[in-house]
Amino acid sequence: MEPTTTSLPLPARSEQVARALAAAGIPGAVRQLADSARTAAEAAAALGCEVGAIANSLVFLSDGRAVLVLASGRHKVDTAALAARWGRGRLRRATPEQVREATGQAIGGVAPTGHPAPLPTVVDRALTEHPRVWAAAGTPHTVFPTTAEELLRLTGGILLPVGPDED
């Protein structure tokens, strides 16, 4: 099933994401959805895919700086286990204001790229189970298709399990 898209011009934040994707050689085009994709469940419904194929962009604070976790929509991040696997201090969820400051984007639409400065990033190993995943593109109504491998290249991130009991 193809998602219901709109023909409206992309928002400025999504244009930034589209430029960053093009500069990185990522072929997936940014799409503007008619329905909200603010949550993994909403995105999966709008895109007609499994919730596990949604790459949630979650911003945490660790060791005094913002970090990005691209987590499969199928599970929650085990922050204690991930911090230990990643070799970082405690991970705590960033506030909406801290997310916007670190990414230039609002919660519900945070893309893996297009930020004022690159963030240390983890890509959830569970995303490799899907030949195509979807990530937000700067707003709750914009997304782009990609792969776990492209996300790693795009962000300079590392591949780790982020859920509980995944070692």
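The values are calculated or read from the model by the stated rules, or taken from the named source; none is laboratory data. No experiment lies behind these values; they were computed from the predicted model shown. Neighbour counts are summed over all protein chains in view; Cβ atoms, including those assigned to glycine, are modelled from backbone coordinates with ideal geometry. The area values use the complete protein model at the heavy-atom level, side chains included, leaving out ligands, DNA and RNA. Shrake-Rupley method; radii C 1.70, N 1.55, O 1.52, S 1.80 Å.
Points 7 angstrom from Cα along the Cβ direction at Thr95 and Ala22: gap in nanometres?
With each label point 7 Å from Cα toward Cβ, the separation is 3.7 nm.
Given a 1.4 Å probe and every protein chain left where it sits, what share in percent of the accessible area of the chain is carbon and sulfur?
Taking all protein chains in place, the chain shows 52 percent carbon and sulfur surface.
Using only alpha carbon pairs under 8 Å that are at least six residues apart, calculate the relative contact order of region 91-149 and give it in whole percent.
Normalised by residue count, the contact order of region 91-149 is 30 percent.
With a point put 7 Å past each Cα toward its Cβ, work out how far Ser36 is from Leu160 in nm, to one decimal.
About 3.1 nm separates the two model spin labels.
What whole-number distance in Å separates the alpha-carbon centres of region 98-165 and region 27-78?
With region 98-165 and region 27-78 each reduced to a Cα centre, they are spaced 7 Å.
Going by amide H atoms built from the backbone, whose H comes under 5 Å of the H on Thr121, apart from near neighbours?
Leu68, Ile158
At q = 0.12, 0.13, 0.15, 0.19 Å⁻¹, work out log10 I(q)/I(0) for the chain with the Debye formula, treating every Cα as an identical point scatterer and leaving solvent out; two decimals please.
-0.46, -0.54, -0.73, -1.21
Kindly provide the helix-only [θ] at 222 nm of the chain, computed as the sum of -39,500 (n - 2.57) over DSSP H runs of four or more divided by all residues, to the nearest 500 deg cm²/dmol?
Taken over the chain, the calculation gives -7500 deg cm²/dmol.
Considering only protein heavy atoms, what per residue accessible area in square angstrom results for region 1-97 with a 1.4 angstrom probe?
On a per-residue basis, region 1-97 sits at 52 Å².
What relative contact order, as a whole-number percentage, does the chain give when Cα pairs under 8 Å and 6 or more residues apart are counted?
Computed value for the chain: 27 percent relative contact order.
Quick one: grab the alpha carbon gyration tensor of region 14-102, order the square roots of its eigenvalues as a ≥ b ≥ c, and give me rounded if a/c is under 1.5, else prolate or oblate depending on whether a/b is larger than b/c.
Cα axes put region 14-102 in the prolate bin.
For the ranges 88-101, 17-30, what's the packing order if you count other beta-carbon atoms within 10 Å of each residue, average per peptide, and put the highest first?
Going from most to least packed, we get 17-30, 88-101.
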